[in-house]
Every structure is written in structure tokens, then in C-alpha cells.
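The values are calculated or read from the model by the stated rules, or taken from the named source; none is laboratory data. Bear in mind that the values here come from a model prediction, so they are computed numbers and not experimental data. Neighbour counts run over all protein chains shown; Cβ positions are idealised from the backbone, glycine included. When the accessible area is computed, the model is the full protein with side chains, heavy atoms only, and any ligands, DNA or RNA have been set aside. Shrake-Rupley method; radii C 1.70, N 1.55, O 1.52, S 1.80 Å.
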Amino acid sequence: MKRSPLQGGPLAYAVLTAATLAFVFPFYWTLVAASRSNSELSAATPALTPGPNLFHNIGEALQQASIGTALLNSLLVSTAVTAGVVLSSTLAGFAFAKLRFRGRGLLLAVTVGTMMIPPQLGVIPLFMVIVKLDLQNKLPAVILPSLVSAFGVFFMRQFLIQALPDELIEAGRMDGASSLRIFRSIVLPVARPGMAVLGMLTFMATWNDFFWPIVALSSQNPTVQVALKSLGQGYVPDQSIIMAGTLLGTLPVLVVFGLLGRQIVGGIMQGAVKG
Amino acid sequence: MATISRPAPALPAQATRAARPRWGARLAPYGYLAPFFVLFAAFGLFPLLYTAYVSLHRVELQTADRMDWLGLQNYTRLFEDPFFWNALRNTFTIGVLSTVPQLLLALGLAHLLNYRLRGRTFFRVAMLMPYATSVAAATLVFAQLFGRDYGLINWVLAGVGLSPVDWQADTWASQFGVSAIVTWRWTGYNALIYLAGMQAIPGELYESAAMDGASRWQQFRHVTVPGLRPTIIFTVVVSTIGASQLFGEPLLYEGNAGGGISHQYQTLGLYMYEQGWSFFHLGRAAAVAWVMFLLIVVLALINAAIAARRNRTDR
């Protein structure tokens, strides 16, 4: 990493600390609200520290909007989508980065071009396709359309252009290795760091996806985000239980983030420089 | 290449072995692309194009198989609907309210993060945490913080002697509330993008600026900002596109597709959802989707024009 040009003064620390508090406070507040009772939250002086009701509220949330099913569904969907995106993107990204073939420029332009188009534009026919395939309210409705990602292909292409020397592939060819063999024993090992970053970003994005799941799934068989919506829509919404559900839905991603935050930060900055 | 078309059986065994990988090598790229493009065509490209066709028909949610030709009627109905214009206006105001502060804050934070600091990894990770939450979770938390009667924000306002704000019913206050969620989620992400751009600016530029007696502020204005221009344009385009599609935040802010009692913060994305999945008019929702797309194209062109013009005046 390059040395920064300037030494930070006390003001820089003060501003950054204030900003950090602003970014972190809503998480803290989720914990506070999820561990209190509804009446404590609507008291004249609201509670500002965590209380004793956390597990009770989590139990309630698990019962109310089938959050348990939702967590399992989200895990299944996010894992399947991540595997699909990472694999299909690595294959296609390798082809775009290192192989010469007819139509390469056009296919790449189409792939990158669609990244600018809003997902809403495709949602209605997609919904009609799902209805026709009788997949409405079923998990494949959320998995199938997300198994590939134009961003993923572009990301892996950029990564492999830099990370994979042409000579390595040539050497494999000289040794008479088949194309598939080259991919397995030369490309995949080199691509692994890029695949890891793409995998983390994809998992987080899929876990947090809202628009398409809300269209394709019902509250009977939801992902976590769909379940959160129905949790907030009771006749007399109990804030502390809503927050307990929110905590459950956020926790898995926060754990991933806590463990891999540094790499995720690096991945986003890397993607930014290349993009 | 001519050897490839030669009939393989006529060749000795060794030559066939040499010829086979060539066939393979020629077709292999398409094999690598196939998994992506098959699904991409079915679930990505086809729906995009088919939306235009759907928007010219009457299609109802309950009978999604049946399509009756309408011509441009979905579009004319749309333009006669005051709620469409309301949603368009709200999308614009919420877009400005969320994008402008978000990018300015991100630029300032990135500048600070670019200093030599203790614990800078900590600050970077903390700043990206909101990005790790979902729209749904973030909105539910903020909706609670912005509550009229028991919300923490009004409690703090009362504590410093200000009168409470109705963050949900009041037009400007509710649009500010929705924008605050967007700003909270994306400021850190954009700060990291800017930081990456800043680290690509050569340090010598700062050194020579400092030798010329430039203050920190002048260095920021005359070295950092010009060096970041492509990155800034990139974030402006991406945030503008994101703002024109806002959906989850206004949907969950109070939990209805109308975007508030008097539709005071209904965005185009929410309006489209309401047309399609609350009123069951898929054809009309498709027309909204196309209008949104055209809007994005126009915004992208305006962005490009501004960028081109600024480049010209610089020279």
C-alpha cells in the first residue's frame, strides 16, 4: 500500500470518530430496541441501553413471520446463487480475458451494457416467466434468475487480465493439456482470490436483495427480507419484536463482515480502481 | 488453420491427437461462455426486451397469460395520472436530497481516510458496515428512529428545545427521512471508491503543490478533486441510477405501496410496484418501467454532456 501524503491531525480523528458513531449507532439501537419491551420503547424517556428481553423477543419474532424458515431459505438461496455466480463468472471471465474468438467484443459489450439497465425493466416479463414455469412462491424463482451476473463476469475478467500471465496458459498448451485441464489446474488456482471477493459480495447482495424476492415470493415461504416486511405490517406492530427480527436478519451478514471486513473493503476498492 | 478441415480418419494416430485439441481450442471459449449466456439470455436479456412488448398490452396480474393489444394506451393513461407526475417529482427531489449530501460527505470522509492514521482499517470497515445491511433492515430501524411520538430523533429534538417533526406525514420531512436511509447506507461505500481513486494520484503532485505553498484546502481543490474527476463522474452516474430506482426504502418506511397517506414520498419504483402488484396492471407497470429506463438514459446523457463540457473548459 502506498504511503499517504499527509499525517492526520486531531481534527481528522474527531470527524472520523463522529462519522463512525453515526454509521454504527443504528446497529446499536437495533440491539437496544430488540432487547427491550414495547412499552419501554414508547416511554417518555426511551431506554438507551440494552435490556433483558432479547431472547424473549427473538423467540416471538421466530414465531411471528416464520423467520426461522426465512433464515433457512435465505441461506439456501444465497449459497446457491453465490456458487452459480462465482462459477459462471469465472468461466466466462476467463474466456473474455484470455481467449480469442469470434464475437468476443460484441458479447462483452452486451454484457457490460446491461449492467446500466435497471432491474425493474425486466421484472414484469420475468414474473410472467416464473408464473408460466409454475415457480411462483418457490425458491427456484429467486435462485434461477440470479445464477449469473454481468457484473460478476466483468469483475472476473478484470481480475484475470491482471492476475493470469499469458505465458502460464501457453506453457500449459505446450505440455498438451486440454482446455478443461488448463482451466482446472492453471486458471482456477490463480482466480481464487478474485472468486473469494466476488463470492462475498454476491452472498451479501443476495442475502440483502429485496425487490425481486418480494415480487416472486409470498410471506408463506419468504426469504429474510420478505419476512421482515411482513413483520413490520402487523395491525399493532410491536417495535421490539420488529427489531429482534431485523437483528436476526442482519446478524449473519454482520458476522461475515466482521470476519472478512478487511477483504471486503479491499475488494470494493480494487473493483473501483479497475472499474 | 487449414489442417482443421482435413478429414481426421485419414490421418495417422499421432496427427489426430494433435488436431483434436485444435477443434477443442476453437470451440472452448463458447463452452466457457455457455453457462453464463444461456441463463443471461433467458432471465436477463429476454425480459428486458419483452417489457416493451408487454407495455403495449393490457395484462392483468391474475391472468398473466392473456395479453390484449392496447397500442400506446398504457402510456397515455400514465401521463394523465397525477400520481405518476407526483412520483416523478418525488423521485427527483428524494434523488437530489440523498445523492448530493451522500457524495459530498463521502468525498470529505475519503479525504480524511487518505491521511496517515492509526486504526485506519477500523475506520474503513466501520464506514462500510451500513452497506452490509439490507434495505429492509435499515429502513425498519430508521422508521423507528424517525417515529413521530416515540422516535429517538424527536426525543433528542425535544431535549434541545425544538418542536417534534412529523417525519412520516410531512412531505419534506418524510422525503428527508427516506433520503437519510439512502445516505446512511451508501456514504461509506462511496467514500471507499473515492479513497481508491485518491490513492492512485501520485504523491509527487502533493509534494510539489506543498512546495508552491498550497494549503491543505488548496491541495484538495487543485490536486485531489481534478485527479478524482473520472471517479466522481462514475459515482454520480451510479448514484443517480440508484436514486431513480428507489423502492425498498419508501415501501417500508411506513409499510405501504402508496408512499405515505398522500403519496408524499412515493417514488417511480414504488409507483410501478403499486400499479403491478397492488392494482394488478402488469401492462401499465411495464410502461412505467420503460419510462424509468428512458429517464435513466436521459440522465446518463446529461451527465456525459456535463463531463464533456467540463473537460473542454479545463483545456
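Assorted remarks:
- With all pairs of separate Cα atoms included, region A:1-151 yields a Kirkwood hydrodynamic radius of 21.1 Å.
- Computed Kirkwood radius, in angstrom, where 1/r is averaged over Cα pairs of region B:81-314: 19.6
- Accessible heavy-atom area order of B:Glu80, A:Glu60, highest first, probe of 1.4 Å: B:Glu80, A:Glu60
- Here's the picture: charge each Lys and Arg Cβ at +1 and each Asp and Glu Cβ at -1 in the protein assembly as shown, and of A:Leu71, B:Val156, B:Ala305 the one pushed furthest to the positive end of that dipole is B:Ala305.
- Of the residues A:Arg262, B:Arg124, ranked by 1.4 Å probe accessible area with the largest first, the sequence reads A:Arg262, B:Arg124.
- Counting protein heavy atoms only, chain B has 65 percent of its accessible area on carbon and sulfur, 1.4 angstrom probe.
- About the Cα centre, charge dipole magnitude for region B:81-314 (Lys/Arg +1, Asp/Glu -1 at Cβ), debye: 640
- For region B:30-35, Karplus couplings with θ = phi - 60° (6.51, -1.76, 1.60), whole Hz, Gly/Pro x: 5, x, 5, 7, 4, x
- Once you divide the Cα radius of gyration of region A:122-165 by 2.2 N^0.38 Å, the number left is 1.68.
- At least 15 Å along the helix axis (C-alpha) and Kyte average at least -1.0, DSSP helices within chain A: A:10-34, A:67-98, A:120-132, A:150-163, A:188-208, A:239-274
- Packing, taken as the mean count of other beta carbons within 10 Å per residue, orders the peptides A:77-85, A:120-128, A:100-108 from highest to lowest as A:120-128, A:77-85, A:100-108.
- Rolling a 1.4 Å probe over the protein heavy atoms gives chain A an accessible area of 45 Å² per residue.
- For region A:10-273, the convex hull drawn through the C-alpha positions has a volume of 182 cubic angstrom per residue.
- Region A:10-273: relative contact order in percent, alpha carbon pairs under 8 Å with at least 6 residues between: 32
- Check: the protein assembly as shown dipole with +1 on Lys, Arg Cβ and -1 on Asp, Glu Cβ, in debye: 2500
- If you take the alpha carbon atoms of the protein assembly as shown and fit the smallest convex hull around them, that volume is 197 Å³ per residue.
- Simple rule: put +1 on each Lys or Arg Cβ and -1 on each Asp or Glu Cβ in chain B, find the dipole, and look at B:Tyr32, B:Phe142, B:Leu109; the Cα lying farthest toward the positive end is B:Tyr32.
- For region B:114-121, putting each phi into the Karplus relation 6.51 cos²θ - 1.76 cosθ + 1.60 with θ = phi - 60° gives couplings of 7, 5, 6, 9, 6, x, 6, 5 Hz, in residue order, rounded to whole numbers and with x for Gly and Pro.
- Accessible surface buried once A binds B (1.4 Å probe; total of both sides; Å²): 8700
- Accessible-area ranking of B:Val38, B:Val237, largest first, probe 1.4 Å: B:Val38, B:Val237
- Shape descriptor for region A:124-275: Rg over Rh equals 1.10 (Cα atoms; Rh from the Kirkwood inverse mean 1/r).
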